[in-house]
1. Provide a single number: the residues in the range A:272-306 that are open to solvent by 50 Å² or more (accessible area, probe 1.4 Å) and under 25 Å from A:CYS185 (Cβ atoms).
2. Examine the range A:187-201 for a residue that is within 14 Å of another protein chain (Cβ to nearest Cβ) and either outside any loop (DSSP other than H, G, I, E, B) or modelled with pLDDT of 95 or more (or both), and state whether such a residue exists.
3. Can you name the number of the only condition in (1) crowded, with 20+ Cβ neighbours inside 10 Å; (2) part of a loop (DSSP other than H, G, I, E, B); (3) at negative phi that A:ASP238 fails?
4. Residues in the range A:129-148: is at least one over 28 Å from B:GLU176 (Cβ atoms), surrounded by 15 or more Cβ atoms within 10 Å (Cβ to Cβ) and more than 14 Å from every other protein chain (Cβ to nearest Cβ)?
5. Which residues, counting only those in the range A:246-262, are part of a strand (DSSP E or B) and either assigned by TED's automatic domain parsing to the domain that holds A:LYS478 or among the hydroxyl-bearing types (Ser, Thr, Tyr) (or both)?
6. Between A:VAL435, A:VAL447, which is among the hydrophobic types (A, V, I, L, M, F, W, C), open to solvent by less than 10 Å² (accessible area, probe 1.4 Å) and outside the structural domain of A:TRP267 (by TED's automatic domain parsing)?
7. Hey, can you tell me all the residues within the range B:37-94 that are of a type in the set (Asp, Glu), open to solvent by 70 Å² or more (accessible area, probe 1.4 Å) and within 18 Å of B:GLN153 (Cα to Cα)?
8. Could you check A:LEU123 against (1) open to solvent by 40 Å² or more (accessible area, probe 1.4 Å); (2) touching a strand residue (DSSP E or B) at 6+ places or on another chain (Cβ under 8 Å); (3) not assigned by TED's automatic domain parsing to the domain that holds A:GLU29 and say which number it fails?
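The values are calculated or read from the model by the stated rules, or taken from the named source; none is laboratory data. Note that the structure is predicted; figures quoted are calculated from it, not measured. Counting neighbours? That spans all protein chains shown, and the Cβs are built from the backbone with ideal geometry, glycine included. The area values use the complete protein model at the heavy-atom level, side chains included, leaving out ligands, DNA and RNA. Shrake-Rupley method; radii C 1.70, N 1.55, O 1.52, S 1.80 Å.
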Amino acid sequence: MKVDSVVDYVTINIDGEDVDVPKGTNIIEAVKMVGKGKEVPHYCYHPKLSIAGNCRMCMVEMGMPMRDRATGEAVLDENGVQKIGWMPKPTIGCATNAAPGMHIRTNSEMVKESRNGVTEFLLINHPLDCPICDQAGECRLQEFSAEHGRGYSRFIEQKNVKPKRTRLGSRVTLDDERCILCSRCIRFSKEIAKDDVLGFVDRGTYSTLTCFPGKELENNYSLNTVDICPVGALTSTDFRFKMRVWFLKRTHSICTESSVGANTEIWSREGKIYRITPRRNDAVNDTWMTDSGRELFKEVEVGDRLTHYTIDGVHKTSAETAAAAAKLLKEGKVAIIASPHSSVEEQFYCKAIADRSEATVSLVSHYGATDGILQSEDRSPNLRGALVNGLVDQLPDADLSAVAQQIESGAVDTLLVVNEEVTQLGISAELLKKVKVIYIGLHANVVSEDAAIVIPSLSVFEKDGSFINQSFRLQRFKAAIPGPRGVLSDFMVLEHIAEALADEKIPSGSIDAAWEHIAKGVSQFDDSLRWRSIPEEGLELDPTAFLDLPFVETKNLKYDSAAFKEAHATPAGA
Amino acid sequence: MAKTKVIERKPLTFAEKTFIPQILTGLKTTGKTMFQKNITLQYPDERPSIPDNYRGVPTLVKDPNGREKCVSCQLCEFVCPPKAIRITPGEIDAEAEPDRAHVEKAPKEFDINMLRCIYCGLCQEVCPEEAIFLQDVFSLSGYSRDEMVNNKQKLYELGGTLPDKHYKWDKKKAAEEHGNAH
Ligand code: SF4
Ligand code: SF4
Ligand code: SF4
Ligand code: FES
């Protein structure tokens, strides 16, 4: 396995308390490590961006143990303890790295005064339009002004007026009056999105953020600037004025756009999703996600959702439907078209169904181009899940011509399709008429129209489950909103079918009960692993068994196929 | 252990036993009020005068220039203890209303469910734009639950116009036009 690089620790003293922090940690992070809600307020510093040091909010007092300049001897006070030489002026915490013996005061009079001063200057030209500002409720300026500000304004001159409601790109709106010139958005565009389009023009209090002439903030990561903007200067055009953030419930989820599996947070109120934002996971997506991934919830809302279990067009209950499906499958000559979009749980029961009905299983690949950041070549979230579950042992083909041939030759009578539009994948509509189709899917389409049995499924936002991403990291997602009334989570229906096929009763009904079987049935999972016990930041699985497969992912933000292979090539314990 | 204290009841005097003193005291009050000015109002024909700070039905108000003051910040929706308020925020169409475009935001819909409202006045207290006031309307009736939900139009009808101390958004516009030379 990987050898953890050895971390050097240094001891520093924060507000009279000694703490060990890794070498190279800056003061803002070091204070965060102390915990207890201690924080150095800051605007321009962002853990994943270069340090600009321009907001001056993170001032702290710093001192070093005194040494005699001539002799180099430690200077002691009357108690024999080395004296601390405090700097006469405060220093910025974001650009100060911890050094052995360093002393920091985060709450002295001088520090408080400087925060107060910085806040007053930031508010001089601020429009104070929190009632109409979308950032209200999650605005650093609002929070720190309340915490460290003076509470009233001494500024009686006329405020500067800057452009409001400027369009930076099709997804981002800029209000220049609110900008505090922290340059986070500029650094993000340059360093992470590699699309250097933003900059400041004019000087002093007239400094204004703007796009370079003839350019637009149009890249697929533009909405990350909205997330990191500490104030309401950059707002999402789509989310603008839709809902106040304090009404929204946050649910941890996983982006299904590609095999990167970016960690996300879904913001919903009363069963309606308003926005999706990234959630920090340093091993997967840092604090970023794609703009296209944020829009995926809209696809669920459009079109006609399948909302009823039907047999030959007649509405039935889920139990009746599962029984009918099992009966059909028992007749034999079954082909299953599974999906890399299904969760680990669903694939597990697909595999059980395949084993019990002696079916052949095919998967279709969903490949695209990579952008080298958070959109990988494999545009499905859980291909690795299908491998780990043993559903397939090879990478999928691009179409279903093999299955089509089988249907043609009469080797297949029943087709179980999970969420794939098979008529566009090599099985023509006429051919499809030759077989009985059991369709499990989200939306009505050509396949569901002619299917003998239709099982409506839930979207990733409506169910609990887990995915395995490109680096074999098992990550779980939670239901954010309820699905259509009466529709069960997909894995439960599949479980019912699998159960009926083996004439055994598996009491489950909850995802953790299902995991009792999954953990036992899949060698990659520890026997005691449960859905609930998958850590928030995901669980690394052992990929050794699959290293020889020619995965399509090459290189993106946190993944490099060559390096990944190399790191895992040596067997565990070597 | 608590001790029980027995209080002895005094026996009634003869006068008390006849009830006559009590009846006379009562009649004295009756006699006094008979010759006083009437204080009973013939409601609903006669209506009481409502003091200024009375907390009647919550209403939305406009400023003396006829401008909608609410910017749909949804603070009242948040603070309302029985969740009587329901707002759908919206954007002001800059082309349709250029003189109001700088306010950017206004409610698309604004409902107060008067079957829920407890007349606590917190919405009025929290409003940063001084747009919602509990005024003098105190009697409400309706034949259905829906009728008891005041929509935006009804709320402005009930609210009317109140004097404004700040003209915040007019000042904002003036500053915009003035600009600071640089
Ligand atoms: S727009 Fe936001 S992120 Fe960009 S410089 Fe201004 S305050 Fe910072
Ligand atoms: S008066 Fe109180 S209960 Fe009624 S709408 Fe306002 S906040 Fe809600
Ligand atoms: S009435 Fe006041 S508090 Fe309520 S949404 Fe409008 S501006 Fe905000
Ligand atoms: S966070 Fe240190 S100067 Fe801005």
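1. Number of matching residues: 4.
2. The answer is yes, given that some residue of the range A:187-201 is within 14 Å of another protein chain (Cβ to nearest Cβ) and either outside any loop (DSSP other than H, G, I, E, B) or modelled with pLDDT of 95 or more (or both).
3. Every listed condition holds for A:ASP238 apart from (1).
4. yes
5. Taking the range A:246-262 and keeping what is part of a strand (DSSP E or B), we get A:249-254.
Listed by number, the residues that qualify are A:THR251, A:SER253.
6. Details: A:VAL435 fails: open to solvent by less than 10 Å² (accessible area, probe 1.4 Å).
On inspection, the qualifying residue turns out to be A:VAL447.
7. Of everything in the range B:37-94, just one residue is of a type in the set (Asp, Glu), open to solvent by 70 Å² or more (accessible area, probe 1.4 Å) and within 18 Å of B:GLN153 (Cα to Cα), namely B:GLU91.
8. Going through the list (1) open to solvent by 40 Å² or more (accessible area, probe 1.4 Å); (2) touching a strand residue (DSSP E or B) at 6+ places or on another chain (Cβ under 8 Å); (3) not assigned by TED's automatic domain parsing to the domain that holds A:GLU29, A:LEU123 breaks only (2).
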